[in-house]
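**Student:** My questions all concern the structure below.
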Amino acid sequence: MEFPFGDFSKFPVSRFESMLKTNEIQFFDASEFEEIGQYYIDAANLSMAKKAIEVGLNQHPDATELTLLLIEYHTLTNAYEEARILVDNLIAVEPFNPYAFQHLAVIQSKCNSHQEAIESLKKGLMYTETKYEFHALLAMEYLYLDAFFMAKEYFIKCLEEEVTDNHALYNIIYCFESLKDVDGAIAYMNEFLNKDPYNEVAWHQLGRQYLAKQMYEQAITAFDFAVICDDNFIGAYLELGKALENLGRYNEAINHYEITLSIDDPTAFALLRIGACHLKLKNDALGIKFLKKAIHEDPLLDKTWLTLCGHYMRTKSYAKVLHYINKALKIDSGHAKYWRLYAQANKALCFFEEANLAYERLVNLGNYELQTWLDWAGVLLQLQDYTKGIEALRQGLEFHPENSSLNYMLAGFYMMEAKANEASFFLKNAYAINPNELDVLYETFPASRASVLVKDTLSIS
């Protein structure tokens, strides 16, 4: 029999829409109304879904499937009270209907009652023969509760029922990682691969776990199998490159990164890694060329700017550091690592005013590392701004109270301000913490070697 519409699945939908246009009541069986309602829900046409379900229930008031569809409609439109009344009534009539409990669980989950949703799903699970969907929903509810162990167990059940469910596979690894159980993840993935040895996602995820444990040779083997299963698997080639880099096999790493460029449009990450490898091989011109390509591809990838400027810092090309870090700061003025490089380059070039402003900005961005305070103090010393130096060092001591270098520096700044009592106080503190670092004071403040205050405070003859 041929239908007047090309797509058989849309035939009831076309008849229903024709009925609405002509205002002529036509009869559909309950399964057809269910098909029509589901079609509109899947198409996100909820107003038409509601019409189809209501007309269907008028013709088939006892149709459970249509009641379930109406519950789904109310849930999608956030009408949880209406949905809950319908589902409670359905459970009262059909206490062994698994899908009633499934819909109840969805409503409870939407209302953030995840533990109640779990209980409802477990009830429904007792009455259904198709357990996959219930296991998947249970796993997600446990995820909402950060109950990663239980979530993992139910995702594993999903994978046992549907071995090709890569979504469940990714979630299993996520749970293992959240539990910080790398060994468990490796054991599970190896067991899974015994059942499905051609699953490229499983090989890729196994390789990632080996990478996390710095087991680079094993990681390389896993990624090799991933690309054997799928020779266009860009993620596996990238991870292979990372593993090879960690073993110092930079030329091989470059080869694998370049494969990704031939498979698809170049990614900034691949270009960055190629550039970084060339720099490690002392191919500076090539390295810089690829880093600039990576910046062009994605100016927001901060690691590229940091790698390029880091290279210029190591080669003492401070003017180039400033050139590129200024460009980076125009893109992201709130990036602390950019400001650190900006401060260090300005300091190296004796642009102390600019360096001072950069260190101040760095601290305001929440960088309270010890070296930041020491470097900033060094800049303020060059500017002979002893008051600001004292202020900065005392602020640094709030974060590093037991650091002798900060105390020695503070003593020196108070000496420069001729504040003997304060200088003596912090000098005693510093010497009590670490007498072996007294040279910090002598090297930073050479005049302190002959200082009577230092000799009297420390009773040095």
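The values are calculated or read from the model by the stated rules, or taken from the named source; none is laboratory data. Computed from a predicted structure; not experimentally measured. FYI the Cβ positions are ideal-geometry reconstructions off the backbone, even for glycines, and counts take in every protein chain you see. All accessible areas refer to the heavy atoms of the entire protein, side chains included, with ligands and DNA or RNA removed. Shrake-Rupley method; radii C 1.70, N 1.55, O 1.52, S 1.80 Å.
**Student:** Counting only other residues whose beta carbon sits under 14 Å from that of Gly235, what net charge do I get with K and R as +1, D and E as -1?
**Tutor:** Working: positive: Arg208, Lys242, Arg273; negative: Glu200, Asp224, Asp230, Asp231, Glu239, Asp264.
Value of the local net charge: -3.
**Student:** While we're on this one: In the chain, what percent of the accessible surface is made up of carbon and sulfur (1.4 Å probe, ligands and nucleic acids excluded)? Each step should come with its number before you reach the end.
**Tutor:** Working: 12190 of 23770 Å².
The C+S portion of the solvent-accessible surface of the chain is 51 percent.
**Student:** For the pairs Lys388/Lys419; Lys242/Lys337; Lys51/Lys123; Lys122/Lys152; Lys21/Lys50; Lys280/Lys327, flag any whose C-alpha to C-alpha distance is greater than 20 Å. Mind dumping the intermediate values first?
**Tutor:** On the way: Lys388/Lys419 15 Å; Lys242/Lys337 23 Å; Lys51/Lys123 32 Å; Lys122/Lys152 16 Å; Lys21/Lys50 16 Å; Lys280/Lys327 24 Å.
Over 20 Å Cα-Cα: Lys242/Lys337; Lys51/Lys123; Lys280/Lys327.
**Student:** Mind ranking 368-376, 43-51 by how tightly packed they are, going by the mean number of other C-beta atoms within 10 angstrom, highest first?
**Tutor:** Those peptides, ordered most packed to least, come out 368-376, 43-51.
**Student:** If you count, for each residue, the other Cβ atoms within 10 Å and average over each peptide, how do 259-266, 166-173 line up from highest to lowest? List each step's numbers first, then the result.
**Tutor:** Numbers: 259-266: 14.4, 166-173: 19.8.
Answer by packing, highest mean first, reads 166-173, 259-266.
**Student:** What is the helix-to-structure angle for 182-195, meaning the angle in degrees between its Cα long axis and the longest Cα principal axis of the chain, kept from 0 to 90 and rounded to the nearest 10?
**Tutor:** It works out to around 40 degrees.
**Student:** I'd like the FRET efficiency for Leu247 and Asn166, computed as 1/(1 + (r/R0)^6) with the beta carbon distance as r and R0 of 25 Å, rounded to 0.05. Let's see the in-between values first.
**Tutor:** Working: r = 29 Å, r/R0 = 1.15.
Efficiency for this residue pair is about 0.30.
**Student:** Still on this structure: Using only Cα atoms, find the angle between the long axis of helix 352-364 and the longest principal axis of the chain, and express it within 0 to 90 degrees, rounded to the nearest 10.
**Tutor:** Here the helix axis deviates by roughly 40 degrees.
**Student:** Step through the residues of the stretch 135-144 one at a time and calculate ³J(HN,Hα) from phi using the Karplus curve (6.51 cos²θ - 1.76 cosθ + 1.60, θ = phi - 60°), rounding each to whole Hz and writing x for Gly and Pro.
**Tutor:** 4, 5, 5, 4, 4, 5, 4, 5, 4, 4
**Student:** Count the net charge of all other residues whose Cβ sits under 15 Å from the Cβ of Ile91, scoring Lys and Arg as +1 and Asp and Glu as -1.
**Tutor:** Working: positive: Arg84, Lys122, Lys123; negative: Asp88, Glu94, Glu116, Glu119.
Local net charge: -1.
**Student:** What are the aspartates and glutamates whose alpha-carbon lies under 13 Å from the alpha-carbon of Lys131, with same-chain residues fewer than 8 places away excluded?
**Tutor:** List returned: Glu160, Glu161, Glu162.
**Student:** Continuing with the same structure: Calculate, for the chain, the solvent-accessible area per residue in square angstrom, rolling a 1.4 angstrom probe over the heavy atoms of the protein chains. Intermediate values should be presented prior to the final figure.
**Tutor:** Working: 23770 Å² over 461 residues.
Per-residue value: 52 Å².
**Student:** Moving on to the next point. Can you give me the angle between helix 268-280 and the longest principal axis of the chain, using Cα atoms only, in degrees from 0 to 90, rounded to the nearest 10?
**Tutor:** Between the helix axis and the principal axis of the chain, the angle is about 30 degrees.
**Student:** Additional query: Could you please report the charge total around Leu286, scoring K, R as +1 and D, E as -1 over all other residues with beta-carbon less than 15 angstrom from its beta-carbon? Intermediate results must be reported in sequence, preceding the final value.
**Tutor:** On the way: positive: Arg273, Lys280, Lys282, Lys289, Lys292, Lys293; negative: Glu258, Asp284.
So the environment of Leu286 carries a net charge of +4.
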